[in-house]
Amino acid sequence: MPDESARSAYLGDGVYVQYTPDTGQLWLMVSRPENPDPREPPKMRIERVCLEREAYEALTRFAGECWPDAGP
């Protein structure tokens, strides 16, 4: 059953994000081809990674170390 309160956005580079308020999770999603044979029509699958608040905060700290001049 879809969550009507979920928010979604396209981040760029083929990455989408969805936030579900009932669980407090961010889901990062990308599409990947299942069959790399260019002679066949592509079959796509969605790969997802769940980021809870602690993982998101760790990611932003790491990004700040990598790109200290990027700003908020």
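The set of residues in the range 24-51 that are touching a Lys or Arg at 6+ places or on another chain (Cβ under 8 Å) and of a type outside the set (A, V, I, L, M, F, W, C) comprises GLY24, SER31, ARG32, PRO33, GLU34, ASN35, ARG45, GLU47. Restricting attention to the range 35-50, the residues that are at pLDDT below 90 and either of a type in the set (Asp, Glu) or outside any strand (DSSP E or B) (or both) total 9. Quick check on this structure: which one of ARG32, ARG7 is in contact with a strand residue (DSSP E or B) (Cβ under 9 Å, 6 or more places away or on another chain) and at pLDDT below 90? Among ARG32, ARG7, only ARG32 is in contact with a strand residue (DSSP E or B) (Cβ under 9 Å, 6 or more places away or on another chain) and at pLDDT below 90.
Within the range 51-72, no residue satisfies the criterion of being part of a strand (DSSP E or B) and either touching a Gly at 6+ places or on another chain (Cβ under 8 Å) or loosely packed, with under 12 Cβ neighbours inside 10 Å (or both).
The values are calculated or read from the model by the stated rules, or taken from the named source; none is laboratory data. Predicted, not measured: the structure shown is a model, and the values here were computed from it. Cβ coordinates were reconstructed from backbone atoms using ideal geometry, including for glycine residues, and neighbour counts include every protein chain displayed.
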